[in-house]
Amino acid sequence: MKRIVGYIRPHKLEAVKSAIAAVGVSGLSVSDVRGTGNSEEKPTWFGGDEQLIALPIRSKVEVVVADDLAEDVIEAILSHARTGEPGDGKVFVEKVLDSVRIRTEERGLDAI
């Protein structure tokens, strides 16, 4: 199993969510986060004014999938989150050793 974590622009969330669902993955978690990567800070339009936002808002999308779906999910995120501008985000992939569904105690792939 793999856990895929994508940090994306908030306005790309619906497209990414739909693309992940089209791959056949129904379970995901989304959080609103703030952070900065390697891009230089530059003024942006926010609330009708140009402001310097040191820690821009991003959406964090997390999904745990079987190994054979991992590349499809990664590609779905990449193709639907990309604008071509600095600050598009990042995707991280981690191995998941096990999972347990609390209600039924199912383990592994059955639990996701």
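The simple Förster model, with R0 at 35 Å and r as the Cβ-Cβ distance, assigns residue 103 and residue 50 a FRET efficiency of 0.10. Which residue fluctuates the most in the chain, going by a Gaussian network model with Cα springs under 10 Å, if the choices are 71, 62, 85? Result: 85 has the largest fluctuation of those listed. Using just its DSSP H runs of length 4 or more, each adding -39500 (n - 2.57), the chain gives a mean residue ellipticity at 222 nm of -7500 deg cm²/dmol after division by all residues. Couplings 3J(HN,Hα) of region 70-76, computed from phi: 4, 5, 5, 5, 4, 5, 4 Hz, in residue order, whole Hz [Karplus 6.51 cos²θ - 1.76 cosθ + 1.60, θ = phi - 60°; x for Gly and Pro].
A dipole drawn for the chain from +1 and -1 charges on Cβ atoms has a positive end, and of 5, 83, 22 the residue lying farthest that way is 5. Exposure proxy ranking for 12, 95, 2, based on other Cβ atoms within 10 angstrom of each Cβ and starting from the fewest, stands as 95, 2, 12.
Using the Cβ-Cβ distance between residue 96 and residue 11 with R0 set to 22 Å, the FRET efficiency from 1/(1 + (r/R0)^6) comes to roughly 0.15. For the chain, report the translational diffusion coefficient in µm²/s to the nearest whole number, using Stokes-Einstein at 37 °C, 0.692 mPa s, and a Kirkwood Rh over Cα pairs. Estimated diffusion coefficient is 215 µm²/s. Number of Lys-Lys pairs in the chain with C-alpha atoms under 15 Å apart and a separation of 8 or more places or on different chains: 5.
Distances between placed amide hydrogens fall under 5 Å for residue 96 paired with 2, 3, all partners being 5 or more residues away or on another chain.
All of the numbers you see were taken from the coordinates with simple rules; none came from a lab. None of the values given here were measured: they were computed from a predicted structure. Heads up, the Cβs are rebuilt from the backbone with ideal geometry, glycines too, and the neighbour counts pull from every protein chain shown.
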